[in-house]
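Single-structure report; data block below.
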Amino acid sequence: KSVEKKDIDENSNTFETDIYQGCCISISSFTKIFSPGIRCGWIEAPTYIIQSLTKHGYIRSQGGCAPFVGAIMTEALKSQICNQFLKKLITSYSRKAKLLYQILSKEPLLILPPIPPTGGYFLWIRFPESSLGFNVRDEFMSFCKVRKNIIFMPGNVCDPCVPDNV
């Protein structure tokens, strides 16, 4: 939502106050780590953006099990009960990310990031422009699905600003 004049505090007539600094929003979740199927996430953003989001009924009501799951995750993080499990995940994701990078770096038609990932859940790779008479990305996706039973999403499906060869 864009900030309109009516959204600005009446005591402030400009955007120069700290309240309106920043425009970056981070939306995260524990879904992949804690338990697929349990939806527990959060939004990090400047105060004015969070306040504009809380005006929506969906955000305010929450209902169902969302507050309960949030309370469970809050207690798990405070008590550090998940620390040992999270350390195992970090080690596992790091090993898998390095291995994936190693394997994919042998593919001549893939353009990998110059710095290998040290962990995480995703790897963004690029494909050369389609000067070979076929779409390299689509051919690679088809090969992975049919021959290796691996499915992945092209970057332009996840981010409209990403070129078609990601």
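The values are calculated or read from the model by the stated rules, or taken from the named source; none is laboratory data. The shown structure was predicted, so the numbers you read here are calculated from the model rather than taken from an experiment. Glycine also receives a Cβ, built like all others from the backbone with ideal geometry; neighbour counts cover every protein chain displayed. Heavy atoms of the whole protein, side chains included, go into the accessibility calculation; ligands, DNA and RNA do not. Shrake-Rupley method; radii C 1.70, N 1.55, O 1.52, S 1.80 Å.
Quote the FRET efficiency, to the nearest 0.05, computed for residue 80 versus residue 152 with a Förster distance R0 of 25 Å and r equal to the Cβ-Cβ distance. That gives a FRET efficiency of 0.15.
A 1.4 Å probe run over the protein chains yields, for region 95-156, 78 Å² of accessible area per residue, whole-number rounding. With the whole protein complex present, residue 42 retains an accessible surface near 90 Å², based on a 1.4 Å probe. Sorting 137, 95, 126 by solvent-accessible area of protein heavy atoms yields 95, 126, 137, largest first, with a 1.4 Å probe. Where a ≥ b ≥ c are the square roots of the eigenvalues of the C-alpha gyration tensor, would you call region 83-131 rounded, which needs a/c under 1.5, or, failing that, prolate if a/b is larger than b/c, or oblate? Judged from the Cα gyration tensor, region 83-131 comes out prolate (a/c at least 1.5, a/b above b/c). Loop-located chymotrypsin sites (Phe, Trp or Tyr not before Pro) in region 67-115 (DSSP state not H, G, I, E or B) with no more than 13 neighbouring Cβ atoms inside 10 Å do not occur.
A Förster radius of 22 Å combined with the Cβ-Cβ distance from residue 90 to residue 27 puts the calculated FRET efficiency at roughly 0.55.
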